[in-house]
Amino acid sequence: MEADLRREHILNMIRQKDTPVSASLLAKTLNVSRQAIVGDIALLRAQGSEIIATARGYMIPEFKETNRYVGKVACRHTPENTKAELYAMVDLEAKVINIIVEHEIYGEITGSLNITARDDVDVFINKIDASDVRLLSELTMGVHLHTVACRDKAHFDEVCRALDDCGYLHKN
């Protein structure tokens, strides 16, 4: 299959799914290596396609939802509290879109999460535990932002209160 046609297929497969599509599944379906898919995704992004990578695979971001309130919440905690922090948000049916940290050299660094349920949290935490990587929040001594999608502003405020009750809301 010609590379341009393959990239068109990749984009169509991602657009048709409501859930992330793994590079391994794309590679198997298109009969290429996982690395070829990673390269294709990079080229699609360079051409302007909005594709994000999550712990479960690639997807089109949902930031543009007009029927949801999207806000940012500042948090601070140790790496050991990451799972509980994420559970606190998804248990209230909020979607954790990303994490943002302020780096002294690179400025703002954003990591896509798109976590909506405890199962998503577990997959994320298991990937961290199985690899030799550090959380972005470790670069900033635990201080970070999350972009969170909620039903409305009152729902967002409820999520913030829950994080505050757990001691994860950053107030300094």
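Applying 1/(1 + (r/R0)^6) with R0 = 35 Å to the Cβ-Cβ distance of Glu93 and Asp132 gives a FRET efficiency near 0.60. In the set (1) 17.2, 55; (2) 18.4, 57; (3) 21.4, 69, the label that goes with Rg and Dmax of the Cα atoms in Å computed for this structure is (1).
When the Cα positions of Val143, Cys166, Ala27 are compared along the charge dipole of the chain, Ala27 comes out farthest toward the positive end, with charges on each C-beta of Lys, Arg, Asp and Glu.
Across the cross-link table entries Lys17/Lys153; Lys72/Lys153; Lys95/Lys127; Lys17/Lys72, which are compared at the Cα atoms, the separations over 22 Å belong to Lys17/Lys153; Lys17/Lys72. Taking amide hydrogens as placed 1.01 Å from N in the peptide plane, the amide H of His170 sits under 5 Å from those of Ala74, Cys75, Arg76, each at least 5 positions away in sequence or on another chain. Magnitude of the charge dipole for the chain, about its Cα centre and with charges confined to Cβ atoms of Lys, Arg (+1) and Asp, Glu (-1), is about 340 debye. For the chain, set up a Gaussian network in which alpha carbons nearer than 10 Å are linked by springs, and say which option among Val38, Val101, Val70 fluctuates the most. Maximum fluctuation in the GNM of the chain, among the listed residues, is at Val38.
Computed from the coordinates by the stated procedures, all read-outs in this text should not be read as laboratory data. Keep in mind it's a predicted model, so treat the numbers as computed, not measured. Here the Cβ is made from the backbone with ideal geometry for all residues, glycine too, and neighbour counts use every protein chain on show.
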